[in-house]
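This report concerns only the one structure given below.
The values are calculated or read from the model by the stated rules, or taken from the named source; none is laboratory data. If you're wondering where the values come from, they're calculated on a predicted model, not measured in any experiment. Cβ placement follows ideal geometry from the backbone for every residue including glycine, while neighbour counts extend to all protein chains displayed. The accessibility values were calculated without ligands, DNA or RNA, using every heavy atom of the protein model including side chains. Shrake-Rupley method; radii C 1.70, N 1.55, O 1.52, S 1.80 Å.
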Amino acid sequence: MIKTIYFRVDGDDGKFAGLGHIYRSLNFYTNLNKKLNKNHKFVFLSKYKEGIKILQEKTNKKVIKFSRKNLNRLNFNKNDVVIIDTLGAEKFLTNKLNRNKIKKISFDELNLKNFKSGIVINGILFTKKILKNKKNIKIYQGTNYLVLNKNFSKKKIFIDNKKVNLKNIFICSGGADHKGFLFKVSSYLSNFNNYKLNVVLGNAVKKTNKIFNLKHKKIIKKINVNNVKKQMEKNDIIICSGGTIMFEAIATGFKPLVFENYSHQKYAIKYFSKKNQIINLGKLNIKNLKSLNDHIKKFNKSSLKENFKRNIKSIDGYGFSRINKILLKYINEK
């Protein structure tokens, strides 16, 4: 019998969901597609056009626009599995899955009222709330389950003779830049001629973004970057938003300067700030922007080395492989 693996995942240009969920699900899909036998097929359920477009481009699998109406048309069988990556599953979805006794895995899920069974993996939202074990629900939470690109599992030692001039600054807001993070930060720092700004543009940054019109000899725009970690390592300081890019910076050994770009980021920002692993600059506004230069001046070679030793141990980069093992075991259970 054919077993269908459904991915319920959303992604857009940053207005509602961003693209982190889409790329995380694509990574799991790629691995599962290699590991599972031919008796498995894949279907994606997604709401926003940006995410749907990427899913169609990156896979040759069926992509269904997610809605209550389209969900009701689906006929699940008892062998199917649904993987949910939307910062919380819809009640009408979990109700249908419960009725049909369908296996389900949900990422960054805090509301267990609608879950009768399944797996919850919280690599991010554990910073907001630690879940208690519940009958028939297996919970995995903490930084061990943060999903990063496999490059971030490759650790380097801090090189004592590394040249540090505190002029090379890495700026990134993730896959999209709906709120103009890149332009606001770069245009402000361009007023200080001693900085070289390496601005990494995510795949979903639109051509209408004002960052493309920002011309300055100290601003170098990086487009279509395949290895973000390698780009980070060429810099001394990282300025980023509080999404996946923040976790990547910590895993690389940096103590990033972090702005809260979306309200849901505040929990992870607060968590890592308390552990002295990031510098929390608050929300991205004119007042907080003006504090950037002062914070940068506080860095020195000694502090960079201290930050590196602490942060390199915090996020080991093996979350992806850990979760893949969990998924494969759960999908193959009878």
Of all the residues that make up region 203-234, how many are open to solvent by less than 50 Å² (accessible area, probe 1.4 Å) and touching a residue at least 40 places away in the same chain (Cβ under 8 Å)?
5
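For region 235-280, which residues satisfy the criterion of being assigned to a loop (DSSP other than H, G, I, E, B), open to solvent by less than 10 Å² (accessible area, probe 1.4 Å), on the phi < 0 side of the Ramachandran plot and not polar (S, T, N, Q)?
Taking region 235-280 first, the residues assigned to a loop (DSSP other than H, G, I, E, B) are 235-236, 242-243, 253-256, 261-262, 275-278.
Then keep just the ones that are open to solvent by less than 10 Å² (accessible area, probe 1.4 Å); that gives 235-236, 242, 253, 256, 277-278.
From what is left, the residues that are on the phi < 0 side of the Ramachandran plot are 235-236, 242, 256, 277-278.
Within region 235-280, Asp236, Gly242, Pro256, Ile278 qualify.
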Whether any residue in region 200-221 is touching a Ser or Thr at 6+ places or on another chain (Cβ under 6 Å) and within 26 Å of Gln277 (Cβ to Cβ) is what I want to check.
no
Is there any pair linking a residue in region 279-298 that is free of Cβ contacts under 8 Å to residues at least 60 places away in the same chain to one that is of a type in the set (Gly, Ala, Ser) and surrounded by 13 or more Cβ atoms within 10 Å (Cβ to Cβ), with Cβ under 7 Å and at least six apart or on different chains, and which?
Asn280/Ser273; Leu281/Ser291; Asn288/Gly282
Here are some conditions: (1) out of contact with any strand residue (DSSP E or B) (no Cβ under 8 Å at 6 or more places or on another chain); (2) over 21 Å from Ser273 (Cβ atoms). Ile326 meets all but one. Which one does it not meet?
(1)
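Condition first: touching a strand residue (DSSP E or B) at 6+ places or on another chain (Cβ under 9 Å), farther than 20 Å from Ser46 by Cβ, buried (at least 17 other Cβ atoms within 10 Å of the Cβ) and in contact (Cβ under 8 Å) with a residue 60 or more places away in the chain. Can you find one or more residues in region 81-93 that meet it?
In the first step, residues of region 81-93 are kept if they are touching a strand residue (DSSP E or B) at 6+ places or on another chain (Cβ under 9 Å); the result is 81-90, 93.
Imposing the further condition that a residue be farther than 20 Å from Ser46 by Cβ reduces the set to none.
No, region 81-93 has no match at all.
Pick out the one residue from Tyr23, Tyr29, Tyr6 that is aromatic (Phe, Trp, Tyr), open to solvent by 30 Å² or more (accessible area, probe 1.4 Å) and within 21 Å of the chain's Cα centre (by Cα).
Values: Tyr29 fails: open to solvent by 30 Å² or more (accessible area, probe 1.4 Å); Tyr6 fails: open to solvent by 30 Å² or more (accessible area, probe 1.4 Å).
None of the other options fit; the residue is Tyr23.
Any residue that is open to solvent by less than 20 Å² (accessible area, probe 1.4 Å), over 23 Å from Gly180 (Cα atoms), more than 16 Å from the chain's Cα centre (by Cα) and modelled with pLDDT of 95 or more - is there at least one of those in region 299-317?
Applying the first criterion (open to solvent by less than 20 Å² (accessible area, probe 1.4 Å)) to region 299-317 yields 299, 304, 307, 311, 315, 317.
Now drop any that are not over 23 Å from Gly180 (Cα atoms), which leaves 299, 304, 307, 311, 315, 317.
Imposing the further condition that a residue be more than 16 Å from the chain's Cα centre (by Cα) reduces the set to 299, 304, 307, 311.
Of the ones still in play, those that are also modelled with pLDDT of 95 or more are none.
Within region 299-317, not a single residue is open to solvent by less than 20 Å² (accessible area, probe 1.4 Å), over 23 Å from Gly180 (Cα atoms), more than 16 Å from the chain's Cα centre (by Cα) and modelled with pLDDT of 95 or more.
I'd like to check something: does region 169-184 contain any residue that is over 19 Å from Val147 (Cβ atoms), modelled with pLDDT of 90 or more and either open to solvent by 60 Å² or more (accessible area, probe 1.4 Å) or part of a loop (DSSP other than H, G, I, E, B) (or both)?
Keep residues of region 169-184 that are over 19 Å from Val147 (Cβ atoms), which gives 169-171, 177-184.
Right, trim to modelled with pLDDT of 90 or more and you get 169-171, 180-184.
Still in the running and either open to solvent by 60 Å² or more (accessible area, probe 1.4 Å) or part of a loop (DSSP other than H, G, I, E, B) (or both): 180, 184.
Within region 169-184, one or more residues are over 19 Å from Val147 (Cβ atoms), modelled with pLDDT of 90 or more and either open to solvent by 60 Å² or more (accessible area, probe 1.4 Å) or part of a loop (DSSP other than H, G, I, E, B) (or both).
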Which residues, counting only those in region 281-298, are open to solvent by 30 Å² or more (accessible area, probe 1.4 Å) and under 28 Å from Lys156 (Cα atoms)?
His295, Lys297, Lys298
Exactly one condition in (1) modelled with pLDDT of 95 or more; (2) not in a loop (DSSP other than H, G, I, E, B) is not met by Lys230; state its number.
(1)
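I'd like to know if region 144-163 contains one or more residues that are aliphatic (A, V, I, L, M), in a loop (DSSP other than H, G, I, E, B) and farther than 30 Å from Glu50 by Cβ.
If we filter region 144-163 for residues that are aliphatic (A, V, I, L, M), which is where we start, we get 146-148, 157, 159.
Now drop any that are not in a loop (DSSP other than H, G, I, E, B), which leaves 146-148, 157, 159.
Pick out the ones that are also farther than 30 Å from Glu50 by Cβ and you get 157, 159.
Yes, there is a match, as at least one residue in region 144-163 is aliphatic (A, V, I, L, M), in a loop (DSSP other than H, G, I, E, B) and farther than 30 Å from Glu50 by Cβ.
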Going through region 94-128 one residue at a time, which ones are in contact with a strand residue (DSSP E or B) (Cβ under 9 Å, 6 or more places away or on another chain) and among the polar types (S, T, N, Q)?
Thr94, Asn98, Ser106, Ser117, Asn122
Selected residue (criterion: farthest from Ile84 (Cα to Cα)) from residues of region 38-61 that are free of Cβ contacts under 8 Å to residues at least 24 places away in the same chain and open to solvent by 80 Å² or more (accessible area, probe 1.4 Å):
Lys38
